[in-house]
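Let me begin by presenting the structure, written as structure tokens, before commenting on it.
The values are calculated or read from the model by the stated rules, or taken from the named source; none is laboratory data. Source: prediction; values computed, not measured. Neighbour counts run over all protein chains shown; Cβ positions are idealised from the backbone, glycine included. Please note that ligands, DNA and RNA were not included when accessible areas were found on the heavy atoms of the full protein model with its side chains. Shrake-Rupley method; radii C 1.70, N 1.55, O 1.52, S 1.80 Å.
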Amino acid sequence: LQLSSANPDPDRTRIALNPGQQRVRGIELSGAYALTENLVFGLSGALMDGEITDFPNAGCTPAEFANAPESGCNPATSRIDRTGTESPVTPDWKFVLDVDYSLPVIETHKLVVNGKGYFSDGYIYDAKGFTKVATYDRHGDLNLSLGFGDIDDTWVVSAYAHNLFEARPTYHPENDIFPEGIFSTQETNLSRSSFTS
């Protein structure tokens, strides 16, 4: 596996590098409970501990390079030791609640309502460059669906509403050191979700 890291020189391409090792340990749980014949609740979740266990020759992010050597970045080689840092795209915890409700109508048909929401700890999601220009803070989101179909589940027509809380990454301009920004104007339209702490 080869990753790419942001090059501190904006006139050059990104730096290619080989990643070290990472370890993710934790506990996953999942369960469902039928409150009635037509109403089912489900809960799943995970507690995770992700760590980069060996990555001594990682590429520096532009912000790390700009703050070298205080950031730990070697300005001569544009390299930094990420050993012992948290794994990207690995929240410390995440929980998902799922609700299914089925209501028989017109004898041979039924209405089906589903709601699925999650609540997650924050994390860095740039697994290639490890930049912190945009990160997910603690956030949550909700998806809903309403369907009408045959009682035997041979067909169903559904309408969906996704990402009702509009969970999006948070933009950190202090880590975006290029005058024009690493991201385009559209990509910097990032905000905190209503679940962000």
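Numbers for the structure displayed
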item	result
Phe55 being buried (at least 16 other Cβ atoms within 10 Å of the Cβ) and on the phi > 0 side of the Ramachandran plot	no
Matching residues in segment 80-116 - criterion: being closer than 28 Å to Thr131 by Cβ and either among the small types (Gly, Ala, Ser) or open to solvent by 40 Å² or more (accessible area, probe 1.4 Å) (or both)	Asp81, Thr83, Gly84, Thr85, Glu86, Ser87, Val89, Asp92, Trp93, Lys94, Phe95
Segment 149-159: number of residues that are among the aromatic types (Phe, Trp, Tyr) and surrounded by 11 or more Cβ atoms within 10 Å (Cβ to Cβ)	0
Every residue from segment 72-94 that is farther than 30 Å from Leu29 by Cα and assigned to a strand (DSSP E or B)	Asn74, Arg79, Ile80
Tally of residues being more than 11 Å from the chain's Cα centre (by Cα) and modelled with pLDDT of 90 or more across segment 120-142	2
Residue match in segment 128-148 (condition: open to solvent by 30 Å² or more (accessible area, probe 1.4 Å) and β-branched (Val, Ile, Thr))	no
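Residue-by-condition table, conditions (1) in contact with a Gly (Cβ under 9 Å, 6 or more places away or on another chain); (2) outside any strand (DSSP E or B); (3) among the aliphatic types (A, V, I, L, M):
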{"position": "Ser102", "(1), (2), (3)": "no, no, no"}
{"position": "Lys116", "(1), (2), (3)": "yes, no, no"}
{"position": "Phe130", "(1), (2), (3)": "yes, yes, no"}
{"position": "Leu142", "(1), (2), (3)": "yes, no, yes"}
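Listed here are the residues, each with its yes/no results for (1) closer than 23 Å to Val133 by Cα; (2) of a type outside the set (Ser, Thr, Tyr); (3) within 24 Å of the chain's Cα centre (by Cα).
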{"residue": "Gly26", "(1), (2), (3)": "no, yes, yes"}
{"residue": "Val40", "(1), (2), (3)": "no, yes, no"}
{"residue": "Gly50", "(1), (2), (3)": "yes, yes, yes"}
{"residue": "Cys60", "(1), (2), (3)": "yes, yes, yes"}
